[in-house]
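Peer 1: To start, I am sharing the structure in question, which I have written as structure tokens.
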Amino acid sequence: MRLTRTLALLGALICGGAGAQAQAVKVRVAYVPVVGAAPMLVLDAAGWAREAGLDIALTKFDSGPPAISGLASGAIDALAIGLAPIAVARAKGLDVRVVSAMANGGSAFVATPGLQQAFDAEAGDPARAFAAFRARNGRAAKLATTPPGGVPNVALNHWLFRLNAVARADVQIVPLGIDAIQQAILTGAVDGATVLEPALTIALGRDPRLKALATASEMFKDIPGVALAVSGAFSGAHPEAVDKIVALVARASAFFVADRTAAVAYVQPVLGGGLVDKSVIAKALASNATTFVADPRIIAEPARRMFEYQAEIGDFDKAPSTDGLIDSSVFVRVSGR
């Protein structure tokens with residue numbers, strides 16, 4: 001019943017904008033090429049945005065911080081990126097707010113054969129495994145992840161040091177961009193990595209010796225992944241457009257819950273770049289590494305815990321409040337719940 005009511009309200013929003021397509025509102029959206037951003041790709045490629053009187057202009061960024069820079073310069077209106085970089089930007093004074101969740105998790109920790117051997121020998125215990133790897137190889141294990149502030153970076157630190165008490169001398173964390181992480185794990189330049197979907201599925205398919213040991217949500221319970229944020233300038237100038245985008249994300253989220261494989265045709269050209277087979281993208285969309293959610297209230301408590309931990313590891317001087325950062329009022333209004 002809730003979904004039916006949400007779709008009915010969405011239909012009303014679309015009808016309200018369909019007659020004014022000549023004056024379509026342009027929305028410049030920054031996104032990172034990960035499965036967590038797939039709802040934004042679907043609502044654009046499926047034509048839903050155009051039907052609602054929106055002209056979505058997508059710009060790809062390899063990580064959150066450059067996308068934030070685009071928002072700060074006025075070149076970007078909205079962000080479909082990790083929640084953590086958005087919080088960093090707001091903590092530094094940027095006028096931006098999260099109006100919708102999109103996906104939780106989104107990545108997994110992958111081990112190369114050498115590191116996996118250590119895990120097998122130590123019955124899967126991370127602290128003992130990394131210690132054994134260092135003893136055998138005479139060096140710390142090199143682990144690639146996103147730059148500080150990125151969600152996979154937070155998850156990795158939490159898994160290593162909070163959950164498993166890994167000795168810091170036993171690991172070397174290497175910050176890289178999304179594409180570079182995939183290449184590093186495939187070439188053996190690192191011993192492990194937090195790899196985002198669809199790069200995760202691509203890497204595991206190309207080298208079956210690689211093993212995924214833990215998803216981001218297992219590394220940090222219910223960790224928020226990609227969220228939709230808008231600038232204060234855009235939301236002030238186009239509040240109806242913000243309502244429509246949030247309603248469309250909710251529609252896309254319901255679409256994924258119903259049948260993720262139906263989204264492949266919309267997602268593959270962007271995330272696959274025309275080079276990755278549709279079957280691979282279908283597998284990435286079905287991966288348990290990503291959970292699609294739209295209601296921003298769902299991520300408020302996990303976000304609070306994440307920010308507190310980020311303050312501990314130095315991403316923030318002080319954990320930011322989710323009040324003001326996560327604004328659920330638009331979702332409540334357009335969904336009717």
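Peer 1: Would you mind stating whether residue 193 is of a type in the set (A, V, I, L, M), in contact with a Gly (Cβ under 9 Å, 6 or more places away or on another chain) and crowded, with 22+ Cβ neighbours inside 10 Å? Please lay out each step first, then the result.
Peer 2: Numbers: of a type in the set (A, V, I, L, M): yes; in contact with a Gly (Cβ under 9 Å, 6 or more places away or on another chain): no; crowded, with 22+ Cβ neighbours inside 10 Å: yes.
No; evaluated as a whole, the condition is false for this residue.
Peer 1: Shifting gears a bit: Does residue 179 count as on the phi > 0 side of the Ramachandran plot and either among the charged types (D, E, K, R) or out of contact with any Ser or Thr (no Cβ under 6 Å at 6 or more places or on another chain) (or both)? It would help to see each step written out before you state the result.
Peer 2: Values: on the phi > 0 side of the Ramachandran plot: no; either among the charged types (D, E, K, R) or out of contact with any Ser or Thr (no Cβ under 6 Å at 6 or more places or on another chain) (or both): yes.
Here the answer is no, as residue 179 does not meet what is asked.
Peer 1: Starting from residues that are under 21 Å from residue 26 (Cα atoms) and hydroxyl-bearing (Ser, Thr, Tyr), keep the ones in the stretch 66-108 and report whichever is modelled with the highest pLDDT.
Peer 2: Ranking the qualifying residues of the stretch 66-108, first place goes to 100.
Peer 1: Can you list residue pairs whose Cβ atoms sit under 6 Å apart, with the first residue in the stretch 302-331 being in the same structural domain as residue 243 (by TED's automatic domain parsing) and the second being aromatic (Phe, Trp, Tyr) and assigned to a loop (DSSP other than H, G, I, E, B)? Count only pairs 6 or more apart in sequence or on different chains.
Peer 2: Cβ pairs passing all conditions: 310/316.
Peer 1: Which numbered condition trips up residue 146, out of (1) among the polar types (S, T, N, Q); (2) in contact with a Lys or Arg (Cβ under 9 Å, 6 or more places away or on another chain); (3) within 16 Å of residue 84 (Cβ to Cβ)?
Peer 2: Among (1) among the polar types (S, T, N, Q); (2) in contact with a Lys or Arg (Cβ under 9 Å, 6 or more places away or on another chain); (3) within 16 Å of residue 84 (Cβ to Cβ), the lone unmet condition for residue 146 is (2).
Peer 1: From the list 315, 277, exactly one residue is among the acidic types (Asp, Glu) and surrounded by 17 or more Cβ atoms within 10 Å (Cβ to Cβ). Which is it? Reasoning before the result, please.
Peer 2: On the way: 277 fails: surrounded by 17 or more Cβ atoms within 10 Å (Cβ to Cβ).
Answer to the check: 315.
Peer 1: Now for a separate question. Condition first: in contact with a strand residue (DSSP E or B) (Cβ under 9 Å, 6 or more places away or on another chain) and charged (D, E, K, R). Can you find one or more residues in the stretch 177-188 that meet it?
Peer 2: First, pick out the residues of the stretch 177-188 that are in contact with a strand residue (DSSP E or B) (Cβ under 9 Å, 6 or more places away or on another chain): 178, 180-182, 184-185.
Narrowing the set further to residues that are charged (D, E, K, R) leaves none.
No; the residues of the stretch 177-188 include none that is in contact with a strand residue (DSSP E or B) (Cβ under 9 Å, 6 or more places away or on another chain) and charged (D, E, K, R).
Peer 1: Please go through the stretch 58-85 and give me each residue that is in a helix (DSSP H, G or I) and either farther than 19 Å from residue 297 by Cα or of a type in the set (A, V, I, L, M) (or both), ordered by number.
Peer 2: To start, the set of residues in the stretch 58-85 that are in a helix (DSSP H, G or I) comprises 64-73, 83-85.
Across the stretch 58-85, the qualifying residues are 64, 65, 66, 67, 68, 69, 70, 71, 72, 73, 83, 84.
Peer 1: Sticking with this one: Looking at 249, 267, 257, can you tell me which residue is in contact with a strand residue (DSSP E or B) (Cβ under 7 Å, 6 or more places away or on another chain), part of a helix (DSSP H, G or I), closer than 23 Å to residue 296 by Cβ and modelled with pLDDT under 95? Don't jump to the end; show me each part of the working.
Peer 2: Numbers: 249 fails: modelled with pLDDT under 95; 267 fails: in contact with a strand residue (DSSP E or B) (Cβ under 7 Å, 6 or more places away or on another chain).
Going through 249, 267, 257 in turn, just one is in contact with a strand residue (DSSP E or B) (Cβ under 7 Å, 6 or more places away or on another chain), part of a helix (DSSP H, G or I), closer than 23 Å to residue 296 by Cβ and modelled with pLDDT under 95: 257.
Peer 1: Filter the stretch 190-233 down to the residues that are of a type outside the set (A, V, I, L, M, F, W, C) and part of a strand (DSSP E or B), then identify the one that is farthest from the chain's Cα centre (by Cα). Can you show your working first?
Peer 2: So in the stretch 190-233, the residues of a type outside the set (A, V, I, L, M, F, W, C) come out as 191-192, 194, 197-198, 201, 205-209, 211, 215, 217-218, 221-222, 224-225, 231-232.
When the remaining residues are screened for being part of a strand (DSSP E or B), the result is 192, 194, 211, 215, 224, 231.
On the way: 192: 20, 194: 12, 211: 21, 215: 13, 224: 7, 231: 18 Å.
Among those residues, the one meeting the criterion is 211.
Peer 1: Another one. Go through the stretch 234-246 and count every residue that is of a type outside the set (Phe, Trp, Tyr), touching a residue at least 12 places away in the same chain (Cβ under 8 Å) and either in a helix (DSSP H, G or I) or within 20 Å of residue 64 (Cα to Cα) (or both). Explain how you work it out, then say what you get.
Peer 2: Looking only at the stretch 234-246, we keep the residues that are of a type outside the set (Phe, Trp, Tyr), and these are 235-246.
Among the residues that remain, those that are also touching a residue at least 12 places away in the same chain (Cβ under 8 Å) are: 235, 238, 240-246.
Restricting the remaining residues to those that are either in a helix (DSSP H, G or I) or within 20 Å of residue 64 (Cα to Cα) (or both) gives 235, 240-246.
Of the residues in that region, 8 qualify.
Peer 1: Still on this structure: For the stretch 258-277, state whether one or more residues are touching a Ser or Thr at 6+ places or on another chain (Cβ under 8 Å) and assigned by TED's automatic domain parsing to the domain that holds residue 80.
Peer 2: The initial filter retains those residues of the stretch 258-277 that are touching a Ser or Thr at 6+ places or on another chain (Cβ under 8 Å), namely none.
No, the stretch 258-277 contains no residue that is touching a Ser or Thr at 6+ places or on another chain (Cβ under 8 Å) and assigned by TED's automatic domain parsing to the domain that holds residue 80.
Peer 1: On to the next question. Return only the number of the condition from (1) of a type in the set (S, T, N, Q); (2) buried (at least 17 other Cβ atoms within 10 Å of the Cβ); (3) within 20 Å of residue 217 (Cβ to Cβ) that residue 268 does not satisfy.
Peer 2: With respect to (1) of a type in the set (S, T, N, Q); (2) buried (at least 17 other Cβ atoms within 10 Å of the Cβ); (3) within 20 Å of residue 217 (Cβ to Cβ), residue 268 is out only on (3).
Peer 1: Scanning the stretch 45-82 for residues that are closer than 26 Å to residue 223 by Cα and of a type in the set (D, E, K, R), which turns out surrounded by the most Cβ atoms within 10 Å (Cβ to Cβ)?
Peer 2: So the first thing to find is which residues in the stretch 45-82 are closer than 26 Å to residue 223 by Cα, and the list is 58-72, 76-82.
So of that shortlist, the ones also of a type in the set (D, E, K, R) come out as 60, 62, 77.
Working: 60: 14, 62: 16, 77: 26.
Across the stretch 45-82, the extreme among qualifying residues is 77.
The values are calculated or read from the model by the stated rules, or taken from the named source; none is laboratory data. Remember, predicted model here, so these are calculated numbers, not experimental data. No Cβ is skipped: glycine too gets one built from the backbone with ideal geometry, and neighbour counts run over all protein chains shown.
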